[in-house]
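Q: This is the structure I have questions about; it appears just below.
The values are calculated or read from the model by the stated rules, or taken from the named source; none is laboratory data. Keep in mind it's a predicted model, so treat the numbers as computed, not measured. Methodologically, a virtual Cβ is constructed for each residue, glycine included, from the backbone with ideal geometry; neighbour enumeration extends over all protein chains shown. Keep in mind that these areas ignore ligands, DNA and RNA; they rest on the heavy atoms of the full protein, side chains included. Shrake-Rupley method; radii C 1.70, N 1.55, O 1.52, S 1.80 Å.
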Amino acid sequence: VELLSGKKPLAGKRVLITAGGTVERLDPVRYITNDSSGKMGFALAEAARDQGADVTLVCARTDGPPPAGVRIVKAESAEEMRAAVLARLPEADAVVKAAAVADYRPSVRHGSKMKKGPDRLTLELERTPDILQAIGDWKREAEASGAARSPLPFVVGFAAETDDVERNALDKLARKRCDLIVANDVSREGAGFGADTNIVSVYGAEGLIEALPLQSKRAVAERLWKLVRERAGWEEP
Ligand code: CTP
Ligand code: CA
């Protein structure tokens, strides 16, 4: 149908994607981060762009520059990313949370460079806000109050796991009220952080929807957008 009409499958849709690893600062020159390269989020942004979507990409630390032709919003820390995402949520038709958000940050952020002192130093960390949980809570409140537009954004979360992939993914889906969870077993060769390929399983509330074998992150992204379009009711399955 799209080929015949020349209409791109995500034309008119506004999508919000997060990518990269958040950076949680200890002082002006030191920080905690993770191995996320941002490649999965970039692939999702490129695929959505090429399918005609209006794409906003909220970027934390990434390897290499973000794709062209999308709106870039920089957000270094989990807190900055939370603010950037929640501010744009009301205008989004779909939100895909591919970023690796730190779970903890230093509880004190020093304004000037820390000096060395005793032989041992204990670093205290505190929890960061859970952005996906905040999105789920926002959706629930919007539904309850009846104030928000309908339909609410379609939300896709990611889950990086090394053990009990299915159980953990379904647990996250339920807890954070996502429409889909994309689980990658980061202990497998060719999956997850830094690679150009990924191996993922996509879960919905009913359980496993699809297990995608090793393929490029771009191919994974194309498949995910197809699932989003169908399950959000934007096109016939
Ligand atoms: N996430 C988030 N904000 C956080 C932590 C995670 O929005 N502070 C999002 C991630 O972007 C991802 C999803 O939640 O889409 C799952 O992240 P993951 O690290 O797999 O799960 P957690 O809930 O953090 O649980 P844990 O790390 O203990 O497995
Ligand atoms: Ca986590």
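Q: What do you reckon, is Gly6 closer than 21 Å to Phe158 by Cα and small (Gly, Ala, Ser)?
A: Against the criterion (closer than 21 Å to Phe158 by Cα and small (Gly, Ala, Ser)), Gly6 does not qualify.
Q: Can you tell me which residue within the range 162-189, out of those that are within 18 Å of Gly20 (Cα to Cα) and out of contact with any Lys or Arg (no Cβ under 9 Å at 6 or more places or on another chain), is farthest from ligand 1 (Cβ to nearest atom)?
A: Taking the candidates together, the pick is Asp185.
Q: Checking the conditions here, which among Val101, Val96 is closer than 28 Å to Leu26 by Cα and under 23 Å from the mean Cα position of the chain (by Cα)?
A: Val101
Q: While we're here: Out of (1) closer than 30 Å to Pro90 by Cβ; (2) surrounded by fewer than 18 Cβ atoms within 10 Å (Cβ to Cβ), the odd one out for Asp179 is which?
A: Unmet condition: (2).
Q: For the range 178-226, give me the residue count where each residue is within 14 Å of the chain's Cα centre (by Cα) and either aromatic (Phe, Trp, Tyr) or part of a loop (DSSP other than H, G, I, E, B) (or both).
A: Matching residues across the range 178-226 total 5.
Q: Residues Gln51, Gln133: which one is of a type outside the set (Lys, Arg), within 16 Å of ligand 2 (Cβ to nearest atom), out of contact with any strand residue (DSSP E or B) (no Cβ under 8 Å at 6 or more places or on another chain) and farther than 28 Å from Val29 by Cα?
A: Gln133
Q: What strands (runs of 3 or more DSSP E) lie completely within the range 49-154 and have 3 or more residues being open to solvent by 60 Å² or more (accessible area, probe 1.4 Å) and free of Cβ contacts under 8 Å to residues at least 24 places away in the same chain?
A: Details: elements: 54-59, 71-74, 94-97, 104-106, 125-127.
Here the list reads 71-74.
Q: Please specify each residue of the range 86-126 satisfying the condition of being away from ligand 2 (no atom under 16 Å from the Cβ) and within 24 Å of Glu141 (Cα to Cα). Give the steps one after another, and end with the answer.
A: The initial filter retains those residues of the range 86-126 that are away from ligand 2 (no atom under 16 Å from the Cβ), namely 86-96, 106-124.
Passing the criteria: Leu86, Ala87, Arg88, Leu89, Pro90, Glu91, Ala92, Asp93, Ala94, Val95, Val96.
Q: Cβ-Cβ below 6 Å, separation at least six or inter-chain, first residue in the range 30-44 and at positive phi, second of a type in the set (A, V, I, L, M, F, W, C) and buried (at least 24 other Cβ atoms within 10 Å of the Cβ): which pairs?
A: Qualifying pairs under 6 Å: Gly38/Ala19.
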